[in-house]
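Novice: Handing you a structure now.
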Amino acid sequence: MVREFTEDDRSKDVVTAEGDRVGTIREVNGDRATVDRDDDSSLTDKVKDLLGWGDDDSNELRTEHVDSYDEGRVRLRRSP
């Protein structure tokens, strides 16, 4: 379900399609959100490549990467 991020998404966990936690949404701005990442060791290179994330501590998430939203989490789409 693609939609813009809202203030309600702030502080939600970001999880992979498999349910592994990636980080927490810190800021929201329309179709983009800034994620404070958890430890990099839990992220595969495939997920980082999909999201365009490098080695810095916070990263941008775009609505096109999101599969679903619920009360406490934002779930990412499966990587190709």
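The values are calculated or read from the model by the stated rules, or taken from the named source; none is laboratory data. What you see is a predicted model, and the numbers here were worked out from it, not measured in a lab. A quick note on method: Cβ atoms are made from the backbone with ideal geometry, for glycine too, and the neighbour counts reach across all protein chains shown.
Novice: With 74, 22 as the choices, which residue is at pLDDT 90 or above and in a strand (DSSP E or B)? Reasoning before the result, please.
Specialist: Details: 22 fails: at pLDDT 90 or above.
Answer to the check: 74.
Novice: So in the range 1-11, with the set limited to residues that are exposed (fewer than 11 other Cβ atoms within 10 Å of the Cβ) and more than 14 Å from residue 73 (Cβ to Cβ), which one is modelled with the highest pLDDT?
Specialist: Result: 7.
Novice: Out of the range 25-69, which residues are at pLDDT 90 or above and either farther than 22 Å from residue 3 by Cβ or not in a strand (DSSP E or B) (or both)?
Specialist: 30, 31, 63, 64, 65
Novice: So, one more: Based on what the data block shows, is residue 14 surrounded by 12 or more Cβ atoms within 10 Å (Cβ to Cβ), modelled with pLDDT of 90 or more, over 11 Å from the mean Cα position of the chain (by Cα) and hydrophobic (A, V, I, L, M, F, W, C)? Let's see the steps before the verdict.
Specialist: Numbers: surrounded by 12 or more Cβ atoms within 10 Å (Cβ to Cβ): yes; modelled with pLDDT of 90 or more: yes; over 11 Å from the mean Cα position of the chain (by Cα): no; hydrophobic (A, V, I, L, M, F, W, C): yes.
No, not satisfied.
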